[in-house]
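First the structure, in the form of structure tokens, and then the observations on it.
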Amino acid sequence: MTSRSPSALARRLRTPRGEFAVVDVPPAAGVTARGVALLLPGYTGSKEDFTLVHEPLAARGYRTVAVDGRGQYESDGPADDESAYTQDELARDVLAQANAVGAPVHLVGHSLGGQIARAAVLLDHSPFRSLTLVSSGPARISVSQEQRVKLLRDALAVMSMAECWEAILAMGPPEEVGGPARGPVGQEYLRSRWLRTKPAQLLATGRQLCAEPDRVAELAAVPLPFHVLSGARDDTWPVPDLDGMALRLEAHRTVVDGAEHSPAADRPAPTARALADFWDGLAP
């Protein structure tokens, strides 16, 4: 297992909308700086889900800043007030994060993070140089994953976070939606991350995943370069749906062989290469 890059800095990113926990990795020594990327994790995930792509992206000249969203793991947020986690609120957080990091930035959103990234771009695209949607589809999640999220929401209504963790493990193999997001970390870390995530965040964003409308036409009207990246198999949004979204967006399309819903964890080297190749190919 590859550990965090030795140059990684875990810090607090101060913004007008509060502080957010980030992992900030500069370009590698001696490499020409080529840009900055802001990385948003998915449902039940965290900034650590991008651990394995920081170093290869640094080698290509990119500073990467992975962020815990409001109420996610090490970023604070209310435990019980779901109004703090509406998609609009989370999108405005992303705009503030981008400006605090140093806009314009390449925006990358994984799964739920992709839908929040899309909402941010639709509010104001000016802080961004490009948008990459990683395993993040055009609308609501698949029926099978929606069932998992609804089971989780029902459990959160009557159980503690610790009791919910045990119930999640009993549901079967961990999956990104409705279970602990995959990452280059052990089970004890996943449990700790789960216990530190705010229940209201999981409830509110779970509802969003089950009700998200198709906003691809709106996004296609935004003057930004788009990239749709996924694994070769995905239970959350079927790969043909991601193919169709890429066509509608006239987006660059990458399918990472051997990866499923979490390409940055499953196949970090080709995932990082695809991201850097896309960014390198954009006009300065």
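The values are calculated or read from the model by the stated rules, or taken from the named source; none is laboratory data. Everything numeric here is computed off the predicted structure, so don't read it as measured data. Methodologically, a virtual Cβ is constructed for each residue, glycine included, from the backbone with ideal geometry; neighbour enumeration extends over all protein chains shown.
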For this session: Read through the list (1) over 22 Å from A21 (Cβ atoms); (2) assigned to a helix (DSSP H, G or I), then give the number of the only condition that P138 fails.
Result: (2)
Exercise. Do you know which of the residues in segment 260-284 that are small (G, A, S) and touching a Gly at 6+ places or on another chain (Cβ under 9 Å) is nearest to A58 (Cα to Cα)?
Worked result: A276
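Looking at L209, L190, which one is within 18 Å of the chain's Cα centre (by Cα), surrounded by 14 or more Cβ atoms within 10 Å (Cβ to Cβ) and modelled with pLDDT under 95? Quick ask: steps written out before the conclusion?
Numbers: L209 fails: modelled with pLDDT under 95.
Matching residue, one of L209, L190: L190.
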Exercise. Does segment 135-147 include one or more residues that are in contact with a strand residue (DSSP E or B) (Cβ under 7 Å, 6 or more places away or on another chain) and closer than 26 Å to D234 by Cβ?
Worked result: yes
Exercise. Take the residues of segment 247-271 that are hydrophobic (A, V, I, L, M, F, W, C), within 18 Å of the chain's Cα centre (by Cα) and surrounded by fewer than 22 Cβ atoms within 10 Å (Cβ to Cβ): which is nearest to G206 (Cα to Cα)?
Worked result: V255
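Residues are listed down the side, and each one gets a yes or a no for (1) of a type in the set (G, A, S); (2) surrounded by fewer than 24 Cβ atoms within 10 Å (Cβ to Cβ); (3) under 20 Å from L195 (Cβ atoms):
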{"site": "Y43", "(1), (2), (3)": "no, no, yes"}
{"site": "S46", "(1), (2), (3)": "yes, no, yes"}
{"site": "H54", "(1), (2), (3)": "no, no, no"}
{"site": "R60", "(1), (2), (3)": "no, yes, no"}
{"site": "T64", "(1), (2), (3)": "no, no, no"}
{"site": "E74", "(1), (2), (3)": "no, yes, yes"}
{"site": "G77", "(1), (2), (3)": "yes, yes, yes"}
Exercise. Does segment 74-87 contain at least one residue that is among the polar types (S, T, N, Q), in contact with a Ser or Thr (Cβ under 8 Å, 6 or more places away or on another chain) and within 21 Å of A10 (Cα to Cα)?
Worked result: no
